[in-house]
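Worksheet: one structure, shown below.
The values are calculated or read from the model by the stated rules, or taken from the named source; none is laboratory data. Computed from a predicted structure; not experimentally measured. Here the Cβ positions follow ideal geometry from the backbone for every residue, glycine too, while neighbour counts run over all protein chains shown. Surface areas here come from the heavy atoms of the whole protein model, side chains and all, with no ligands, DNA or RNA. Shrake-Rupley method; radii C 1.70, N 1.55, O 1.52, S 1.80 Å.
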Amino acid sequence: MPSETEKPAVREVETPHTPQPVVGVLGSVPYTSLITNAGGGFSRYGNLAVTRWRHDSTRDNYGQFCYVKDLSTGQVWSTAYHPSCTEPQWYRVLFASDRVTFIRRDGEIDTVTEIAVASDDAAEVKRVTLTNRSLQPREIELTSYSEIVLTTPDADRGHPAFHNLFVQTEWLAANAALLATRRPRSATEASIWCAHVAACGPELVGSITCETDRSKFVGRGRSVRNPLALDEGAELSGTVGAVL
């Protein structure tokens, strides 16, 4: 039997509403990820920001998010508290040395989200497990969201709209992979790439779709809390290219 000191320490937080965000850091140099108990955070590769983030402990509204939509009722929530800010019936976050796990219950649907980082491969893995506790079959739609940066955090904070102009996206339908690259601004600057892949099991219904035009996804006058793309009957248009 392992001794008490050999067991991995796990911190448990039972609410997203803490005075200051409780954080977990995954991975090691060069790829690291910071995740808060409300679901915010960022990913970094060396001195580059992979996803957009701002140091705002009050709102904590930047990160890699995943929406959950019950197609039978139209109800929308998140795998964590952000970005939808829907109050769950039950909520728990487990911070371990190798992963961060979000567990929540909404109605008769349980959602478990495990996040881990493989630094040597510069990869971040997120596994979402849904459990239907009702007697009726449910069709659930998952939609991931993040804002790709691929430049230094200081440069992104200084002029995010300008740096968005250099990011271009491409969709590989056969691999369910969304590629993003930052076009070099000079002949000596190296190209930077990142990929987002959706891996689904035999439960998949229909096809996997994408959207990289933020204005089409979020909508005019809307925010990531209630994006246009998750309205009743809305679909992702598949727009790719230099559209950020």
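Once Rh for segment 103-243 is found with the Kirkwood sum over Cα pairs, what is the Stokes-Einstein diffusion coefficient at 4 °C and 1.567 mPa s, in µm²/s? Rounded, D is 74 µm²/s. Computed from the Kirkwood radius of its Cα pairs, the Stokes-Einstein diffusion coefficient for segment 59-118 at 25 °C and 0.890 mPa s stands at 199 µm²/s.
Can you give the FRET efficiency to the nearest 0.05 for Arg138 and Arg59, using r as the Cβ-Cβ distance and R₀ = 22 Å?
Numbers: r = 31 Å, r/R0 = 1.42.
Step by step, r from the Cβ atoms, then E = 0.10.
What the Kirkwood sum gives for segment 171-244 is a hydrodynamic radius of 14.4 Å, with every pair of different alpha carbons counted.
Just want to confirm a number: the relative contact order over the chain, from Cα pairs under 8 angstrom separated by 6+ residues, in percent. Before the final figure, lay out each step's value.
Values: 489 pairs, mean separation 37.4, N = 244.
Relative contact order comes out at 15 percent.
Using just the C-alpha positions of segment 21-115 as equal point scatterers, what log10 of I(q)/I(0) does the Debye formula give at each q in 0.14 1/Å? Once normalised to I(0) and log-transformed, intensities are -0.52.
Mind checking the log10 I(q)/I(0) for the chain at q = 0.14 Å⁻¹? Debye, one equal scatterer per Cα, no solvent, two decimals. At q = 0.14 Å⁻¹ the computed log10 ratios are -1.00. Extension gain, Asp120-Ala155: 0.36 nm per intervening residue step, less the Cα-Cα distance, totals 10.0 nm. How much net charge surrounds Tyr145 when only other residues with a Cβ under 10 Å from its Cβ are counted (Lys, Arg +1; Asp, Glu -1)? Net of charged neighbours comes to -1.
Taking all protein chains into account, the per residue accessible area for the chain stands at 57 Å² (1.4 Å probe).
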